[in-house]
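These notes concern the structure reproduced below.
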């Protein structure tokens, strides 16, 4: 017996995907503000973003720790790992994964650098 989902469910799922995938690249700073081996905190509207430079490649993750909301862009940064300045929770900036529990994951954002300007793809409000 073949079961097909109701048409309304299919349409609802598609519209959710469109909303989730709607992003806009927003300028957060200059590439020289984030030299290799550093991480910086930026705020876009009400969204905190941590932007890191790993061996010349720029990465962006949500800027608040999932534990107590510590500002990750102000944490200790070593290699690919940022430590929350509040209680030391650690995240890989290239994947967003928590170093202690890989099931815990920060939002990762696409990044582009255009004419030295770092732009991060954030969901549209």
- Message: Which of rounded, prolate or oblate describes segment 23-123 when judged by the alpha-carbon gyration tensor and an a/c cut-off of 1.5?
- Response: prolate
- Which distance in nm do the two modelled labels at residue 67 and residue 113 give, with both placed 7 Å along the Cα-to-Cβ direction? 3.1
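How do 30, 40 line up, fewest other C-beta atoms within 10 Å first?
Ranked by crowding around the Cβ, least crowded first: 30, 40.
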- Could you please rank 114, 26, 44, placing first whichever residue has the fewest other Cβ atoms within 10 Å of its Cβ? 114, 44, 26
- Most exposed to least, judged by fewest other Cβ atoms within 10 Å, 97, 57 sort to 57, 97
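Read the figures in this text as sums done on the coordinates, not as results from a lab. Note that this is a predicted model, so its numbers are computed, not measured. Cβ sites come from the backbone with ideal geometry, for glycine too, and all protein chains shown count toward neighbours.
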